[in-house]
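Okay, structure first, notes after.
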Amino acid sequence: MSAVRRLLLSGDGWPYMLVPFIPIAIVLEFAHVTATIVFAASALGVIPTAALMGKATDELAARSGPGIGGFLNVTFGNAPELIIAFFALNEGLQEVVKASLIGSILGNILLVMGASMFVGGLKHKTQTFDRTAATTQAGLLLLAVVALVLPAVFQLVEGGGLPGPAEESKEFSRDLEIMSIAVAAVLLLTYLVGLFFSLRTHAHLFNPHVEDEEVGSEPWSVRRAVIMLAIAGVAVGLMSEILVGSISEASADIGLSPFFVGLVVVAIIGNAAEHWVAIYFAARNKMHLAVNISIGSSAQIALFAAPVLVLLSFFIGDFPMALVFNGFELAAVLLAVLIAIHVANDGESNWFEGVQLLAVYVVLAVVFFFV
Amino acid sequence: MSAVRRLLLSGDGWPYMLVPFIPIAIVLEFAHVTATIVFAASALGVIPTAALMGKATDELAARSGPGIGGFLNVTFGNAPELIIAFFALNEGLQEVVKASLIGSILGNILLVMGASMFVGGLKHKTQTFDRTAATTQAGLLLLAVVALVLPAVFQLVEGGGLPGPAEESKEFSRDLEIMSIAVAAVLLLTYLVGLFFSLRTHAHLFNPHVEDEEVGSEPWSVRRAVIMLAIAGVAVGLMSEILVGSISEASADIGLSPFFVGLVVVAIIGNAAEHWVAIYFAARNKMHLAVNISIGSSAQIALFAAPVLVLLSFFIGDFPMALVFNGFELAAVLLAVLIAIHVANDGESNWFEGVQLLAVYVVLAVVFFFV
Amino acid sequence: MSAVRRLLLSGDGWPYMLVPFIPIAIVLEFAHVTATIVFAASALGVIPTAALMGKATDELAARSGPGIGGFLNVTFGNAPELIIAFFALNEGLQEVVKASLIGSILGNILLVMGASMFVGGLKHKTQTFDRTAATTQAGLLLLAVVALVLPAVFQLVEGGGLPGPAEESKEFSRDLEIMSIAVAAVLLLTYLVGLFFSLRTHAHLFNPHVEDEEVGSEPWSVRRAVIMLAIAGVAVGLMSEILVGSISEASADIGLSPFFVGLVVVAIIGNAAEHWVAIYFAARNKMHLAVNISIGSSAQIALFAAPVLVLLSFFIGDFPMALVFNGFELAAVLLAVLIAIHVANDGESNWFEGVQLLAVYVVLAVVFFFV
């Protein structure tokens, strides 16, 4: 999808109007103003840096052939979420990391796909997309559900409690830590094999040559793309550190739980670019791209970002992050995946299916609000 | 479906043979005979009043154009269940209300759809129905499952227990009560939007012009329909009050738990008309109508009747009814919805699919019997 | 599928190369060597006896027309698993029996179907199979899930704990025992009705005349088949008794829990023949047969073997085996069935769907390893 994305996210795209918030956030942070304001400024500042990162990745990928390109997209596609999570992990906020991972999955499946189907469906009575591509990625989500649910069952059967939504971190038994590494490795491996599947043996399903129709702005040189990627990386890192540093205090000030902030607010911010791009495609009746972005991003979070963070957690922070989620996260992700499968199954969508997905998201947000 | 229903439920329809039970129930109630006999008589007496209500609603709807007609059907379609539940709520039997709501959902999905597919499949090898209409309504059921499960997770995580199946009512925290209102509002709103979807933008999916083929008896005038509706409403109310008043004592006498009576017996009685009509259509190879009635009625209970009762409960009874269900209800409704989706997904049915649904219902009833 | 199976499992088939392990196991058992070695030898010895039993059943079925033939296949199709379970039940190892039942279901759905789709998909880009047959059997698995989950909910709501994975047997309340008989009867009845469905009214879905193409070895006479069946039965029984007798000690020696051994090791051994035959068909692009074997065998375990064992348990052992499974078994079987439905739903498969199923199995095995 690089060409369209390129066009969309080119210099005059809307996310870049938020660039001023980058210096503003930095100034506010050093001025030690109220955490809420710092949080808001850095949250807005993350969006353009994430967009730039996406664009630089796309440009680089476009210069490097499908194999390396796909690998770049995977590595940097969720880089903003990964960087935010990295800083949170570093601060010992493991449960906030888990909440933001689940929040990203829910946001992509329910909000992004829901909004896409709603907006697209209003313009086009019934929209179709390729079932095989959609159900393959939905299958990955089912695998992720197994990987998220079983360690929790283990923890419950062994008599330990699940982490509470109010906890910032919780240590689990050595068994669960090793189990988490092994499960993370299986997820990561499956994801890489899936990459091979979608880029090589069954590439036609995932990249029906649509993108070439559109003509974007001048392509970037490899050099420019690499420099931009580096700049974006530093900027994302900076914004993320300020964002994460202000979460606890800001959420206390606003009167929201850190759980709600991590699961809903941070997840929406971290995926702002995906939201926009998916809706853009849906409105242009390219539903297969919108579905691919939403279900695909969820799968990427669950099978790439989450395992990478589990493995990283053995090197940073006080103790490793085990793959044990709390009751809300487990119930929400299980049901959301079932709904994604239900919606993806028939290969067509209409505006009311979008409403249903959005309604599920609202119900979840209502419940999380009271946590 | 009004014309056929009109024909079926006209004066000489089978439910009207039960009319004598209306006065019998009233006499027995005042004669203070054993609760079991009063319960049986009023249970039989509810059926013709529900049938009359359905017929009067259909007649009125037929005179008023699709928009108002659809609205009338929604408002009065589950009126008998709503009225029974209203009286139970008034008596403080909140858990009985919840059990009868879940019972209606299970009964419609499993019993009504199962019997339809079985009877229809015996006559017609393979029957087909519109997948889009069926899966849209099944999607509503998934939304309902999220709305029923998450508050229970909240209650469990907060350390409170789920209501026991032997309790008649249970008070929950203020948070859960407010959460229940908000969730109920989302469900109700989604249902109304769905009404707009099925009556306006995608009406062709839900009402393929089949009904006009059949010629029924003389249509009623608006005046006659309104009067009949009023009479039926009063009669349903009377029967419901007697029925509800005798539940606790009757169930103790027969040796069944009020839970079983609410979940199985009351649910079957309250949906007797739907049962009959759906099977009638299935036998005539109009499977899309049978599926529409069964899945649609379930969705109506979950997204219209249940939220309305939650909102009403803030005005009647000692304390509001929170959307927290017991473990049996949650497990049963989750699994039943998954089965409904599985069956609806392929857009075709045969007699053995009917047997499977009926077997699931029997397994549930067996377990509930021991509760 | 008898002709192909006949060919495959004829005298020179690979399982028969394991025949020497039969006498070896017997000798080792009487020589009282270490349990681990006895376990390994008897495990390998079970495989050829199961293969012979399968072949003798097929031969007998081929001589007796579809009705009796189907009945024979059901009765003896899972005879090895049933016989192993019978001896375990006799030793009072009820939880081991349950683990091996769940293990068989998981193994068939995930390992057998996964390996088939993987191997078949590597050779043939996209493979197709009949959706109706697959979803009918997947529906039976959903019924089984209801039957396995609800008694556990009952036990939990009544305040009793689920059996621990480390327990060898656990007694439940009288209510649960009677409930288990009733539920088992419903499952068994549904299975028999389903047999009638697949052999009579909708036989074309399940047995598209493919098998006749292949020419196998000389068919057996009825007499020979019966004698072989008897020999195989005795041999399976002997191996099973030795196998079961060494489980507890062997698993302690190897450092694996009996739970893991029952759920993973015994399940793989007991289904070795199915594994091989299904992969063989998949490689030859007869995916409908491979899917039929894997989902069908799971359904047979859940709706035939499990209920029969519940009923038998009232006559052997100290107390009846109630249908209450532990948390791991419930979570695993629920998720595995959802995945089976997801995969079966679209009627086509590719190698990556196979990888997904295998990855789910590996994740489960990893978690079970730590139990």
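Work out which residues of region C:319-350 lose at minimum 40 square angstrom of accessible surface when the other protein chains are put back, relative to the chain isolated, with a 1.4 angstrom probe, and list them by number.
Buried on complex formation: C:PHE328, C:LEU335, C:LEU338, C:HIS342, C:ASN345, C:ASP346, C:ASN350.
Residues with amide H under 5 Å of A:SER313's amide H, sequence separation 5 or more or different chain, H placed in the peptide plane at 1.01 Å from N; which?
A:MET321
Would region A:27-183 count as rounded, prolate or oblate if I go by the C-alpha gyration tensor, calling it rounded below 1.5 in a/c and otherwise prolate when a/b exceeds b/c, oblate otherwise?
Values: a/c = 1.61, a/b = 1.14, b/c = 1.41.
It is oblate, given that a/c is not under 1.5 and a/b is not larger than b/c.
Counting only protein heavy atoms and using a 1.4 Å probe, what share of the accessible area of the protein assembly as shown belongs to carbon plus sulfur, as a whole percent?
For the protein assembly as shown, the apolar C and S fraction of the accessible surface comes to 66 percent.
Can you give the Kirkwood hydrodynamic radius for region C:213-371, in Å, rounded to one decimal and based on Cα pairs? Before the final figure, lay out the partial values.
On the way: mean 1/r = 0.0536 Å⁻¹.
Over region C:213-371, the inverse of the mean reciprocal pair distance is 18.7 Å.
Output wanted: per-residue J couplings in Hz (rounded whole) for region C:22-39, from phi through Karplus 6.51 cos²θ - 1.76 cosθ + 1.60, θ = phi - 60°, x for Gly and Pro.
Here the 3J(HN,Hα) series is 5, x, 4, 4, 5, 4, 4, 4, 6, 7, 6, 6, 3, 4, 4, 5, 4, 4 Hz.
If the cut-off is 24 Å between C-alpha atoms, which lysines fall inside it for C:LYS123, apart from same-chain ones fewer than 8 positions away?
C:LYS286
Between A:ILE254 and C:PHE369, what is the label-to-label distance in nm when each label sits 7 Å out along the Cα-to-Cβ direction?
4.2
Using a ≥ b ≥ c from the Cα gyration tensor of region B:138-199 (square roots of the eigenvalues), is it rounded, prolate or oblate, where a/c under 1.5 gives rounded and otherwise the larger of a/b and b/c decides, a/b for prolate?
Prolate shape, in that a/c is at least 1.5 and a/b is the bigger ratio.
Obtain the nm distance between the two label points defined at A:VAL226 and C:ALA166 by a simple spin-label model: each point lies 7 Å from its Cα along the Cα-to-C-beta direction.
5.6
Using the alpha carbons of the protein assembly as shown, what is the convex hull volume per residue in cubic angstrom, as a whole number?
Values: hull volume 190.9 nm³, N = 1113.
In the protein assembly as shown, the Cα hull volume divided by residue count equals 172 Å³.
Going through region B:73-148, which trypsin sites (Lys or Arg not before Pro) have at most 13 other Cβ atoms within 10 Å and a DSSP loop state?
Here the sparse-neighbourhood loop sites are B:LYS125.
Shape of chain A from its Cα gyration tensor (a ≥ b ≥ c, root eigenvalues): rounded if a/c is under 1.5, otherwise prolate when a/b > b/c, or oblate?
Rounded is the answer for chain A, as its axis ratio a/c remains below 1.5.
Step through the residues of region C:233-243 one at a time and calculate ³J(HN,Hα) from phi using the Karplus curve (6.51 cos²θ - 1.76 cosθ + 1.60, θ = phi - 60°), rounding each to whole Hz and writing x for Gly and Pro.
So the Karplus estimates, Gly and Pro as x, are x, 4, 5, 4, x, 4, 4, 5, 5, 5, 4 Hz.
Roughly speaking, what is the centre-to-centre gap between region B:110-130 and region C:176-200 when only Cα atoms are used, to the nearest Å?
If you average the Cα positions of each part, the centres end up 20 Å apart.
Suppose R0 equals 25 Å. What FRET efficiency, 1/(1 + (r/R0)^6) with r the Cβ-Cβ distance, do B:SER173 and A:THR34 give to the nearest 0.05?
Numbers: r = 31 Å, r/R0 = 1.24.
Rounded to the nearest 0.05, the efficiency is 0.20.
Take every Cα pair under 8 Å in chain C that's 6+ residues apart, average their separations, divide by the length, and report that relative contact order as a whole percent.
Contact order relative to length: 39 percent.
Based on DSSP H runs of at least 4 residues, each adding -39500 (n - 2.57), what is the mean residue ellipticity at 222 nm of chain A after dividing by all its residues, to the nearest 500 deg cm²/dmol?
The per-residue figure over chain A is -22500 deg cm²/dmol.
In whole Hz and in residue order, list the ³J(HN,Hα) couplings for region B:51-56 that follow from phi through the Karplus curve 6.51 cos²θ - 1.76 cosθ + 1.60, θ = phi - 60°; x for Gly and Pro.
Couplings: 5, 5, 4, x, 5, 4 Hz.
Lysines near B:LYS98 by alpha-carbon distance under 19 Å, same-chain residues fewer than 8 away left out - which ones?
B:LYS170
The values are calculated or read from the model by the stated rules, or taken from the named source; none is laboratory data. Remember, predicted model here, so these are calculated numbers, not experimental data. Don't worry about glycine lacking a Cβ; one is built from the backbone with ideal geometry, like all the others, and counts go over all protein chains shown. Just so you know, the surface numbers come from the protein's heavy atoms only, side chains and all, with ligands and any DNA or RNA stripped out. Shrake-Rupley method; radii C 1.70, N 1.55, O 1.52, S 1.80 Å.
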